[in-house]
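Quick note: the coordinates plus some simple rules give every number you see, no bench work behind them. Because the structure is predicted, anything quoted here is derived from the model rather than measured. Cβ atoms come from the backbone with ideal geometry, glycine included; neighbour counts cover every protein chain shown.
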Amino acid sequence: VVAIFGVVVVDALAQKPYPIYTTDHLAATMETLGPNFIATMQSLDAADYATTKERLSRSREQLATTVTFWRDYERDDAVGYVRAALQGMDDLDAALSMELVDSMAVEAVAAEIRAACTSCHAVYREQDPTTGDYRLKSGALE
């Protein structure tokens, strides 16, 4: 009886569908990531490195989930932009972890992160002229 139950459980688990990361998930992630990343950069500009590290960690966590979306839609360029931003975030975290933080170095890394975000937004995002909110460009996934 135990063997049969085990097979049924394993079979049920094997049939569980892989969760899909939808455009709604992307929109929700970007709606929280955007303000958090802006606050990250503001704390960096204020040389509040402890707060920057905290916010950066959350920004990285949020951004990393979007790789699944871009991979599912086979947008290798977008995956590349996200990976570049994630690498920049890792580099920024390392620079902020130094005993003496080199403000010029962290600003240079922050500029690289911004460039990766801007590149992706140029291809895949558009700004609503009324609200200023960003959204996925229509036709971007076709």
Starting from the Cα of Glu54, step 7 Å along the direction of its Cβ; do the same at Asp102; then give the gap between the two resulting points in nm. 2.8
At 222 nm, what value in deg cm²/dmol follows for the chain if DSSP H runs of at least 4 each add -39500 (n - 2.57) and the sum is divided by all its residues, to the nearest 500? -24000 deg cm²/dmol
With +1 at each Lys and Arg Cβ and -1 at each Asp and Glu Cβ, the charge dipole magnitude of the chain around its Cα centre, to the nearest 20 debye, comes out at 340
Projected onto the charge dipole of the chain (+1 at Lys/Arg Cβ, -1 at Asp/Glu Cβ, origin at the Cα centre), which of Ala28, Ala50, Ala39 gives the Cα projection farthest towards the positive end? Ala28
Per its Cα gyration tensor (rounded if a/c is under 1.5, else prolate when a/b beats b/c, else oblate), the chain is best filed as oblate
What order, most packed first, do the peptides 80-89, 53-62 have when packing is the mean number of other Cβ atoms within 10 Å of each residue? 80-89, 53-62
